[in-house]
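First comes the structure, then the notes that go with it.
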Amino acid sequence: MIQGKPILHSKDLTVNRPEPITESISVLEYSKNIDPKYAVEALLEGSYVLVADQFSSGVTVLEALKKQLSKNTHDASFSSQRNYRQQFRDASQFLVVEIVNHQLHLRKSPEIGWLKRLYPEMQEFLLPFTDVQGLNSAWQWYEKGIRIPGLKQIVHPFYGTYFPTRFEHIELFVNYLKNYQGSKESAFDIGIGSGILSKLLHQFDFKEINASDINPNALIGMLEEQTKTDQKFNLYFGDLFADSKKKSDLIVFNPPWIPLPKEVSGIDLAIYYDKELFPRFFEEAKKHLNPDGQVVLLFSNLAGLMDSQFIHPIQFEIKQRKRFSLVQKTTKKVAPASSKTKRKAVWRDQEFVECWVLKIN
């Protein structure tokens, strides 16, 4: 892999996948005729439990584990709930499923195409049941696809790739592109994810589209798509501009919206940002933007609703660092919360998304 050069083949990247268990381990077998409390006791003691009969038995054990852990959760405080989630994650990793010839070795189990796509060289191994559930959900999204407002094609997100479940910020970006009057010679999409913004840039006739991501799965998914469509993107593996020397008429960035509360990895990097992200982005963006170009950032006021001391990183750049100035800002209120959502209703009632358009001073 050449630093600062586009990735041309998925073989140049290592896919992120749930870690398989390939060594011999001692397991306790669980089936539906056994009281799940015995399986839960074993999981909490750090012993492996193998789901041995059918898929639903794994779901039964996890529900019993949640019920047992909730007994020890004394309040609804953030720290108490975080401790509950951590205990569940730790214990649930010991509940495993056998994979044979890329199929779950269970009755009444779903077909999960990722097992063959992500583990082509492996015939028999174990995976934690929670990882299997994640693979199953991801395969359903991939197979079914997602319709995005304003985009004329269905998005099929590759495993482990971020994709939005709400679309107000996408709608703001579509409206921006409809009214865009600048040059369309080149654009750069920072953090391509499932490719939505890049696909919209292509739809609105940008000639050269460059994109980056620190998640190899995002680039692998886009490389696979390029073999099936006429859409061609220059894909860079790395942080922000990934050492690319490209200059662009338009730089697009849909960054994480919430300051980093702790160390995170994987797909959580699409949700939380560290304090250096925005200063680094603006420093690099100034180098990569053509003189009359624009920077578009899709953001939210959510962090400000959660913390009254929150410093808005885009406002701070404009008012304090003064490398960029505001061209326009549009906002859109988010849709009412689902009755099933766990997010505080008062936040959702006041939340709106933002589309910031900036130019170099």
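The values are calculated or read from the model by the stated rules, or taken from the named source; none is laboratory data. Note that the structure is a prediction, hence the values are computed from the model and not measured. Quick reminder, even Gly has a Cβ in these numbers, built from the backbone with ideal geometry, and neighbours come from all protein chains shown. When the accessible area is computed, the model is the full protein with side chains, heavy atoms only, and any ligands, DNA or RNA have been set aside. Shrake-Rupley method; radii C 1.70, N 1.55, O 1.52, S 1.80 Å.
For the range 36-50, a residue qualifies if it is hydroxyl-bearing (S, T, Y) and over 9 Å from F94 (Cβ atoms), and exactly one does: Y38. Which of the following residues is at pLDDT 90 or above and loosely packed, with under 14 Cβ neighbours inside 10 Å: K333, K329, K340? Exactly one residue qualifies, and that residue is K333.
Tell me which residues, restricted to the range 280-312, are in a helix (DSSP H, G or I) and in contact with a Pro (Cβ under 8 Å, 6 or more places away or on another chain). F281, A303 - these are the residues of the range 280-312 that are in a helix (DSSP H, G or I) and in contact with a Pro (Cβ under 8 Å, 6 or more places away or on another chain).
Checking A91 against (1) crowded, with 18+ Cβ neighbours inside 10 Å; (2) in contact (Cβ under 8 Å) with a residue 60 or more places away in the chain, which single condition isn't satisfied? For A91, the failing item is (2). Here R166 meets each of (1) in a helix (DSSP H, G or I); (2) open to solvent by 10 Å² or more (accessible area, probe 1.4 Å) with one exception, condition (1).
Within the range 100-131, the residues that satisfy the criterion of being buried (at least 17 other Cβ atoms within 10 Å of the Cβ) and under 13 Å from Q54 (Cα atoms) are L104, L106, S109, F129. Can you name every residue in the range 14-38 that is assigned to a helix (DSSP H, G or I) and either closer than 30 Å to N215 by Cα or open to solvent by 100 Å² or more (accessible area, probe 1.4 Å) (or both)? Passing the criteria: K37, Y38. Among the residues of the range 150-163, the one identified as of a type in the set (A, V, I, L, M), open to solvent by less than 40 Å² (accessible area, probe 1.4 Å) and out of contact with any Leu (no Cβ under 7 Å at 6 or more places or on another chain) is V155. Can you tell me how many residues within the range 273-306 are over 23 Å from A335 (Cβ atoms) and not β-branched (V, I, T)? So the count comes out to 22. Looking only at residues of the range 295-308 that are open to solvent by less than 40 Å² (accessible area, probe 1.4 Å) and polar (S, T, N, Q), we find that the one that is modelled with the lowest pLDDT is N301.
Within the range 173-208, the set of residues being open to solvent by 10 Å² or more (accessible area, probe 1.4 Å), assigned to a helix (DSSP H, G or I) and more than 16 Å from R147 (Cα to Cα) comprises N175, Y176, K178, N179, H202. Of the residues that sit in the range 216-234 and are in a loop (DSSP other than H, G, I, E, B) and open to solvent by less than 30 Å² (accessible area, probe 1.4 Å), which one is nearest to K246 (Cα to Cα)? The extreme case among them is F233. Only one of the numbered conditions (1) in contact with a Lys or Arg (Cβ under 9 Å, 6 or more places away or on another chain); (2) of a type in the set (A, V, I, L, M); (3) surrounded by fewer than 16 Cβ atoms within 10 Å (Cβ to Cβ); (4) at pLDDT 90 or above is violated by I311, and that is (1).
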